[in-house]
Amino acid sequence: MTMTMDDTVPLSRGFIRDMANLDSSTVLTRHPTFIAQVLQIKELSSTQAGGPRRFRFVLSDGDHFVQCMLATQLNDIVLNNRVERGHTINVRQYTPSEMKEKLVVILLDFEVLSQYGIRDKIGAPASIDSKVNRQAPQAAQATYSNGSTGSTTFYGEQKPQVAPKTESTYSAAPSYASAPPRPHNYYTIEGLSPYQNKWTIKARVTFKSEIKHWHNQRGEGKLFAVNLLDETGEIKATAFNDQVDAYFDLLQEGEVYYISKCRVNTAKKQFSNLDHDYELTFERDTEIEKCTDTGATEVPQLRFNFVESLGKLTDVQKDAIVDVMGVIKTVGDCAQITSKSSGRPYDKRDIVLVDPSGVSVQLTVWGTQAVQFSANPDDIVAVKGAKVSEFNGRSLSLLQSSTITVNPDISEAHSLKGWFDMKGRNATFSSLQSVGSTSMSGRPENVKTIKQIRDEQLGMQDQPDYFSVKGTVLFIRNETIAYAACPTENCNKKLTDDGDGWRCEKCNKSFPDPVYRYILMFAIYDHTGQMWVSSFDDVGKVILGKPAGDYMRLRDEDNSAYLDEIQKCTGKTYLFRVRAKAETYQNTTRPRYSAMSATPLNYAHESTNLVKLIQSFGLA
């Protein structure tokens, strides 16, 4: 590639021609970056409701132009008008591709070279689609008039006179430098999108689910899913029905495979803990071949994005999916619990993790992983895809798609092991359940008084605010404290009494009895003021001390006793984790406060923290 100056702009002339004639691995080796001019930016019409917005670029190297698709993670650059037609950009990461036998480039990262400003089109770039324009510059120069965008206008502003699409014009055989036919092109997982149809990835299976069966009104079927990893990213792939029979035994965790001819869809984030915008579906024509050569060692085993420390979990929102690393402090016995809603038994095991932040956190492992868990205290574990819960403050729970690796051979694990052997083995740790009100230094951490909540107008912005508040329960509205909920696991929809039983419209089933779940509205106060807070079942159980069904039965039997029992639950102080969100009713906007968790105060711990706080100000 030669860097030439055209009106002081150093476009990478010849790059697009090379990309059209050479295999992608050679192109990426020769041209890790390139400089081009933006001729067009156009938003494509969405093919899927709710899917990400997609933008098409046309880039020129001064000799040729090529169509490009912008990776969705770069959409903000367009939406914020940081790149416009006529700008010069330095493309730092990209993936060459073919779509319907036409060259397309997936733009993964670029910077705008603002020093060159916005300019008229440089040179007379020609289309790269035809065979004649895939030749060396001297041969292609004579045919610019057939595929050119014109000498004075940008791409798309006039219709060029293009030669008919004959077989000779669109021959697939390259003539530039007698290049051999392309070999298999191993695309990066990061660059996969629905706008490519000829690709092969080389990826390691980092997770494989069990086969799941479903039955609904539309029929029945089965599926399983895998997570696929290469050096650039990770993506989920799912097989259904016949493809389950074809690929379940072939795909094994830890092995590397060549995979091609899958359907690429927008990722369904509610079913995946991966960051990729897309996911794969195995189809009848999908090709999967196990990698048996030494190239398998080039694919990483796992890829983590660890939170800074276990102590930082207090800054992570409820239900977030995170990667964590810690030292096992204790390993609980495997126990079996029975779901109240479905009556099904579940195996679980609780593990306590610690790290240099000085806190401990409980990790709950479920199902087969709980039964087969064999790590011991003092082992290092790296957990990928754990779910953050606010049960008793902060805790972690493994999902079906989560993985846990014992003593991984990575630098973070070696550093953690060194700390534990030198200091951590004999250290004392504070439970993460009790440090929500103070940091390890003893200073307040995101705990607000009620007056501060009002003064800072928390919850009145476009996005919800999250904070903690220490408050005493003043009053609990007793008219309606619970609703009749569906017993089906993970449903919880409100049931209707149809005379013959309780019916759930979502599940299309009737039940002899409902399961009652809390919907509380209560007032709390501190030394600065009072506020009303709503909550659901988890917080209701903490405040009222027993399942909602017990109170509903008591109300039916003895309403006076029911009111007395609720009154006994006032006057107690908790550390609440609260979500504040603006709501508008009758043209009046005000914040609504929802308690996501309630933790009884540990007075010994609170006293210790007060002493530390006083000492930090030099007052003791």
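Can you name every residue in segment 467-508 that is more than 33 Å from the chain's Cα centre (by Cα) and on the phi > 0 side of the Ramachandran plot? Selection gives GLY499, GLY501. Only one of the numbered conditions (1) surrounded by 10 or more Cβ atoms within 10 Å (Cβ to Cβ); (2) modelled with pLDDT of 80 or more; (3) out of contact with any strand residue (DSSP E or B) (no Cβ under 6 Å at 6 or more places or on another chain) is not met by PRO591, and that is (3). When GLN301 is tested against (1) in a loop (DSSP other than H, G, I, E, B); (2) in contact (Cβ under 8 Å) with a residue 60 or more places away in the chain; (3) within 24 Å of the chain's Cα centre (by Cα); (4) under 25 Å from VAL578 (Cβ atoms), just one condition goes unmet, and that condition is (4). Consider segment 509-543 and keep the residues that are more than 12 Å from TYR593 (Cα to Cα) and hydroxyl-bearing (Ser, Thr, Tyr). The one that is nearest to the chain's Cα centre (by Cα) is TYR518. Would segment 410-427 turn up any residue that is modelled with pLDDT of 90 or more, within 22 Å of the chain's Cα centre (by Cα) and of a type outside the set (Ser, Thr, Tyr)? Within segment 410-427, not a single residue is modelled with pLDDT of 90 or more, within 22 Å of the chain's Cα centre (by Cα) and of a type outside the set (Ser, Thr, Tyr). Among residues of segment 20-53 being in contact with a helix residue (DSSP H, G or I) (Cβ under 7 Å, 6 or more places away or on another chain) and closer than 29 Å to ASP275 by Cα, the one that is modelled with the lowest pLDDT is PRO52.
Residue count for segment 428-479 satisfying the condition of being open to solvent by 30 Å² or more (accessible area, probe 1.4 Å), in contact with a strand residue (DSSP E or B) (Cβ under 8 Å, 6 or more places away or on another chain) and at pLDDT 85 or above: 13.
Residues in segment 193-223 that are closer than 26 Å to LEU399 by Cα, of a type outside the set (Val, Ile, Thr) and assigned to a loop (DSSP other than H, G, I, E, B): SER209, GLU210. For segment 320-362, a residue qualifies if it is in contact with a helix residue (DSSP H, G or I) (Cβ under 6 Å, 6 or more places away or on another chain), open to solvent by 50 Å² or more (accessible area, probe 1.4 Å) and either closer than 13 Å to ARG394 by Cα or touching a residue at least 40 places away in the same chain (Cβ under 8 Å) (or both), and exactly one does: PRO356. Selection within segment 255-289: residues that are open to solvent by 90 Å² or more (accessible area, probe 1.4 Å) and modelled with pLDDT under 90. The member of this set that is nearest to ASP323 (Cα to Cα) is ASP275. Among the residues examined, GLN461 qualifies as under 27 Å from the mean Cα position of the chain (by Cα) and not hydroxyl-bearing (Ser, Thr, Tyr). Scan segment 366-401 for residues that are among the polar types (S, T, N, Q) and in contact with a helix residue (DSSP H, G or I) (Cβ under 8 Å, 6 or more places away or on another chain) and the total you get is 3. When GLN317, GLN252 are checked against the criterion of being surrounded by fewer than 16 Cβ atoms within 10 Å (Cβ to Cβ) and within 18 Å of the chain's Cα centre (by Cα), GLN317 stands alone in meeting it. Taken together, the criteria place ARG579 among residues that are within 21 Å of GLY471 (Cα to Cα) and in contact with a Pro (Cβ under 7 Å, 6 or more places away or on another chain). Here ALA482 fulfils each of the conditions (1) open to solvent by less than 50 Å² (accessible area, probe 1.4 Å); (2) more than 30 Å from SER468 (Cβ to Cβ) apart from (2). Among the residues of segment 224-249, those identified as part of a strand (DSSP E or B) and either hydroxyl-bearing (Ser, Thr, Tyr) or surrounded by 18 or more Cβ atoms within 10 Å (Cβ to Cβ) (or both) are PHE224, ALA225, VAL226, ASN227, LEU228, LEU229, GLU234, ILE235, LYS236, ALA237, THR238, ALA239. Residues being in contact with a strand residue (DSSP E or B) (Cβ under 6 Å, 6 or more places away or on another chain) and not charged (D, E, K, R): count how many of those fall in segment 68-95. Of the residues in segment 68-95, 14 are in contact with a strand residue (DSSP E or B) (Cβ under 6 Å, 6 or more places away or on another chain) and not charged (D, E, K, R). For first residues located in segment 241-267 and free of Cβ contacts under 8 Å to residues at least 24 places away in the same chain and more than 17 Å from VAL205 (Cα to Cα), partners that are of a type in the set (Ser, Thr, Tyr) and not in a helix (DSSP H, G or I) and lie 6+ apart or on another chain with Cβ distances below 8 Å form the pairs ARG263/THR281. Please go through (1) within 17 Å of GLY254 (Cβ to Cβ); (2) open to solvent by less than 10 Å² (accessible area, probe 1.4 Å); (3) in contact with a Lys or Arg (Cβ under 7 Å, 6 or more places away or on another chain); (4) not basic (Lys, Arg) for VAL365 and return the number of the only condition it doesn't satisfy. VAL365 satisfies all of (1) within 17 Å of GLY254 (Cβ to Cβ); (2) open to solvent by less than 10 Å² (accessible area, probe 1.4 Å); (3) in contact with a Lys or Arg (Cβ under 7 Å, 6 or more places away or on another chain); (4) not basic (Lys, Arg) except (1).
Taken together, the criteria exclude LYS340 from residues that are modelled with pLDDT under 90, touching a strand residue (DSSP E or B) at 6+ places or on another chain (Cβ under 6 Å) and not aliphatic (A, V, I, L, M).
The values are calculated or read from the model by the stated rules, or taken from the named source; none is laboratory data. Since the model is a prediction, treat every value here as computed from it, not as a measurement. With ideal geometry, Cβ positions are generated from the backbone for all residues, glycine too; neighbour counts draw on all protein chains shown. With ligands, DNA and RNA removed, areas are computed over all heavy atoms of the protein, side chains included. Shrake-Rupley method; radii C 1.70, N 1.55, O 1.52, S 1.80 Å.
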